Amino acid sequence: MSLSPSELERYNRQILISNLGLGGQRELRASKVVVAGIGGLGCLSSLYLTAAGIGKIILVDKGKFKQSDLNRQILCWQRDIGRFKADVAKEKLVALNPEIQVEALVAEITKDGVHDVIGDADVVVDGLDNWRTRFVLNDYCVMQDIPFVHAGVSALHGQMITIIPGKGPCLRCIFPKEPPEVEKIPVLGATPALLAALQVIDVIKLITGLGIPLVGRMLFLNGKEMEFETVEMKRSAKCPICSNL
Ligand SMILES: [Zn+2]
């Protein structure tokens with residue numbers, strides 16, 4: 001896929017990254033990424049994926065912005081309260097980068113409907129706040145051989161892992177029992193911002209082949225102590241989803 005003179009200028013600083021280059025930028029332009037959930041994580045990851053020139057970004061969220069989202073869901077401004085998150089996010093992202101395609105899907109991700117939402121995406125980015133839907137995405141991505149970049153946050157803590165089916169553990173290997181759901185997760189806005197930025201770094205690496213993605217290792221952020229730790233995570237022979245790969 002060729003890049004216009006305007007795109008060459010727009011992405012100049014990242015084309016300069018060794019081992020990314022023009023070839024990597026073309027791969028980003030030809031790629032399709034789904035951002036599942038436009039909350040604290042998804043607002044920021046979609047912003048940086050847009051700025052980086054992912055060719056097609058699909059934003060999925062069934063909800064509308066509320067006043068209490070403003071501390072962290074940075075694509076939501078005061079005037080956007082009450083509007084669908086996916087629609088608002090699309091408007092802002094297109095204004096930032098009109099040279100890519102952004103699609104807004106006001107939809108819930110369910111086991112029966114996940115194929116219609118994710119389809120043949122190159123990468124799926126976790127921007128969710130509940131485990132039920134994360135496992136739906138995990139299971140679908142493993143079965144379709146789509147990389148899935150998970151992150152989750154609470155207060156000043158966060159975690160992240162990249163799942164490449166068959167190459168490292170999936171979420172069911174790591175969490176044989178689904179963790180309990182929390183109705184209102186406490187969050188300092190900068191925590192999902194940080195985790196989402198890390199997710200975008202891995203998405204770009206997965207698409208361009210740059211560097212080593214966070215596969216088989218989970219990154220934990222403890223913002224209170226300002227500590228980052230990566231812990232090795234292994235595949236489970238008993239995993240109901242990926243043990244046969
Ligand atoms: Zn597994």
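The values are calculated or read from the model by the stated rules, or taken from the named source; none is laboratory data. Small disclaimer: the values here were computed from a predicted structure and weren't measured. We place every Cβ from the backbone using ideal geometry, glycine too, and count neighbours over all the protein chains shown. For the accessible areas, the whole protein counts, side chains as well, though only heavy atoms, and no ligand, DNA or RNA atoms are used. Shrake-Rupley method; radii C 1.70, N 1.55, O 1.52, S 1.80 Å.
Name the trypsin sites (Lys or Arg not before Pro) in segment 158-195 that are in a loop by DSSP and that have at most 10 other C-beta atoms within 10 Å, would you? List each step's numbers first, then the result.
Values: sites: Lys167, Arg172, Lys177, Lys184; in loops: Lys167, Lys177, Lys184.
Those satisfying the criteria are Lys177, Lys184.
Between His115 and Val94, the simple spin-label model (points 7 angstrom out along Cα→Cβ) gives 3.0 nm. A probe of 1.4 angstrom, applied to the heavy atoms of all protein chains, finds Leu59 with accessible area near 0 square angstrom. Take the Cα of Leu16, step 7 Å toward its Cβ, do the same at Glu227, and the gap between the two points is 3.7 nm. For segment 1-103, the share of alpha carbon pairs falling in successive 5 Å distance bins from zero is 2, 14, 24, 21, 15, 11, 8, 5, 1 percent. Once both labels are positioned 7 Å from their Cα atoms along Cα-to-Cβ, the gap between Arg83 and Phe175 label points is 3.2 nm. Stretched out straight at 0.36 nm per residue, the stretch from Glu9 to Ile185 would grow longer than its current Cα-Cα span by 59.3 nm.
Which percent of the accessible heavy-atom area of the chain goes to carbon and sulfur, probe 1.4 angstrom? Before the final figure, lay out the partial values.
Values: 6420 of 11900 Å².
On the chain, the fraction of accessible area on carbon and sulfur atoms equals 54 percent.
Taking 30 Å as the straight-line reach from the Cα of Lys56, the lysines in range (excluding those fewer than 8 positions away in the same chain) are Lys32, Lys64, Lys66, Lys85, Lys90, Lys92, Lys111, Lys167, Lys205.
Per-residue ellipticity at 222 nm, computed for the chain from helices alone with -39500 (n - 2.57) per DSSP H run of at least four residues, works out to -10000 deg cm²/dmol. Per residue, segment 66-165 exposes an accessible area of 44 Å² to a 1.4 Å probe, with every protein chain left in place. Once the chain from Ala107 to Ile212 is taken as fully extended at 0.36 nm per residue, the excess over their C-alpha distance is 34.5 nm. Computed packing ranks the peptides 140-152, 30-42 as 30-42, 140-152, most packed first, by mean other Cβ atoms within 10 Å. Each principal axis of the Cα cloud of the chain was evaluated for its coordinate range; sorted largest first, these ranges are 51, 42, 42 Å.
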